[in-house]
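What follows is one structure encoded as structure tokens, with my remarks underneath.
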Amino acid sequence: MENDADLRGTVDRAREFDPDAWEALYRRLHPRLHAFARRRLPGDQACDDAVSEAFTRAMAAIDRFRWSAAGFDGWVFGILRNVLLEQHRVDARRAPAGVPEDLADRMASDEPGPLERLVSGEQTAAVRQAFDQLAPADRELLELRVLGGLDAEAVGEVVGKRPGAVRMAQSRALARLDDLLGEAVR
């Protein structure tokens, strides 16, 4: 993992449209961005398209990027979040009447991710089932913190909350997840 000075240097080079800098940023963020998109879109191709769109928008808007608590990572996650929200709105308009609004959330692929490969099948199924029962806001917050690897300040900037509120919401979401997992075991 590069240090803050290295990242700032890479972002500065990206502002000058250095293709090597953009490649380094893409390689650094792609796995976490893809994992975040994977929970919201069906299939790897849709996830890759969303991540590519987020990076395309980041390249076009790099002159507007300003360092903040969210850093560059949080800024790109915010862009990806907007891409995903736009995609869900488009999908909702295309869906026939009577299709639940949360269909896209339920359409997420059942293909295991890297973490799930480490956990046995039954445990994975129980965790996934409990996670899917959480409210969408709880799922998003936990995904940004765990899959995205963002700290509370960065998540706060992405979702429009204060860091303390993010930590409190995370604590509550984890408690709800724990309760749901406890119910699954009983």
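All of the numbers you see were taken from the coordinates with simple rules; none came from a lab. As the structure is a computational prediction, the values presented were derived from the model and not from experiment. We place every Cβ from the backbone using ideal geometry, glycine too, and count neighbours over all the protein chains shown.
The table that follows gives values for the structure above.
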quantity: Low-density loop positions, GluC sites (Glu not before Pro), segment 1-69 - DSSP coil, at most 13 other Cβ in 10 Å; calculated: Glu2, Glu16
quantity: Shape of segment 20-68, Cα gyration tensor, a/c cut at 1.5; calculated: prolate
quantity: Phi to ³J(HN,Hα) by Karplus 6.51 cos²θ - 1.76 cosθ + 1.60 over segment 142-152, Hz, x for Gly, Pro; calculated: 5, 5, 5, 6, 8, 5, x, x, 8, 7, 4
quantity: Trypsin sites (Lys or Arg not before Pro) within segment 41-95: DSSP coil, no more than 13 neighbouring Cβ in 10 Å; calculated: Arg66
quantity: Residues Val155, Val166 arranged by fewest to most Cβ contacts within 10 Å; calculated: Val166, Val155
quantity: Calculated from backbone phi, Karplus (6.51, -1.76, 1.60) coupling profile of segment 21-36 in Hz, x at Gly/Pro; calculated: 5, 5, 5, 4, 5, 5, 4, 5, 9, 3, x, 6, 5, 5, 4, 5
quantity: At most 15 other Cβ within 10 Å, DSSP loop - chymotrypsin sites (Phe, Trp or Tyr not before Pro), segment 1-52; calculated: Phe17
quantity: Packing rank of 134-143, 6-15, where each peptide gets the mean count of other beta carbons within 10 Å, highest leading; calculated: 134-143, 6-15
